[in-house]
Amino acid sequence: MIRRLDHVAVAVPDLARAIARFSEDLGLPLAGTEDVPSETTSTAFLPVEGTRIELVHPMAGQGPIAKFLEKRGGGLHHLCFSTDDIEADVARLRAKGWQFLSDAPKAGAHGCRVIFAHPRSCEGVLIELSQPPSFPE
Ligand code: CO
């Protein structure tokens, strides 16, 4: 079952500049940065009441974020919802015709298991489902 909005992800061409905008300009605390090799992505997380902003940047100039930046420049990239049973939610959504970008959940940031649904399945928005190692966190 979907439990909450885990994070809103923004694709950024310059991670240091984006961190400065969100932390210094907007005043959100920087909780940390993490490379996610499974997604070829460097991330920074900035919590804000009940959820987080995730800045996503290509790792070593590669991967899906590099392609996104090439096509569209920076901008809103995906919404991530936490679930307490990712297999059940994927099965339920597949039964409704949703398409996922991988066959099964993969290792994401913070030890979560994550899977992405194609934007065409949800009104043009890329959706990430994430199950934390233990829920509730
Ligand atoms: Co994400």
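For the reader, a short list of remarks on this structure follows.
- Of all the residues in segment 105-137, those that are of a type outside the set (Val, Ile, Thr), surrounded by 15 or more Cβ atoms within 10 Å (Cβ to Cβ) and not in a loop (DSSP other than H, G, I, E, B) number 11.
- Here GLU34 clears all of (1) in contact with a helix residue (DSSP H, G or I) (Cβ under 9 Å, 6 or more places away or on another chain); (2) at pLDDT 95 or above; (3) open to solvent by 50 Å² or more (accessible area, probe 1.4 Å); (4) outside any loop (DSSP other than H, G, I, E, B) except the condition numbered (2).
- Residue list for segment 64-116, filter: aliphatic (A, V, I, L, M), within 14 Å of the ligand (Cβ to nearest atom) and free of Cβ contacts under 8 Å to residues at least 24 places away in the same chain: LEU101
- Scanning segment 42-63 for residues that are away from the ligand (no atom under 11 Å from the Cβ) and either surrounded by 17 or more Cβ atoms within 10 Å (Cβ to Cβ) or part of a helix (DSSP H, G or I) (or both) yields a count of 7.
- Some residue of segment 73-90 being at pLDDT below 95, within 14 Å of the chain's Cα centre (by Cα) and open to solvent by 60 Å² or more (accessible area, probe 1.4 Å): no
- Top-ranked residue in segment 1-31 [being surrounded by 17 or more Cβ atoms within 10 Å (Cβ to Cβ) and part of a loop (DSSP other than H, G, I, E, B); ranked as nearest to the chain's Cα centre (by Cα)]: VAL12
- Scan segment 117-136 for residues that are free of Cβ contacts under 8 Å to residues at least 40 places away in the same chain and either within 15 Å of THR41 (Cα to Cα) or not aliphatic (A, V, I, L, M) (or both) and the total you get is 9.
- Condition check for GLN99 on (1) touching a His at 6+ places or on another chain (Cβ under 6 Å); (2) within 15 Å of VAL8 (Cβ to Cβ): one failure, at (2).
The values are calculated or read from the model by the stated rules, or taken from the named source; none is laboratory data. Given the structure is predicted, the values throughout are model-derived calculations rather than measurements. Note that we place each Cβ from the backbone using ideal geometry, even for glycine, and neighbour counts take in every protein chain shown. Surface accessibility is based on the protein's heavy atoms, side chains included, excluding ligands, DNA and RNA. Shrake-Rupley method; radii C 1.70, N 1.55, O 1.52, S 1.80 Å.
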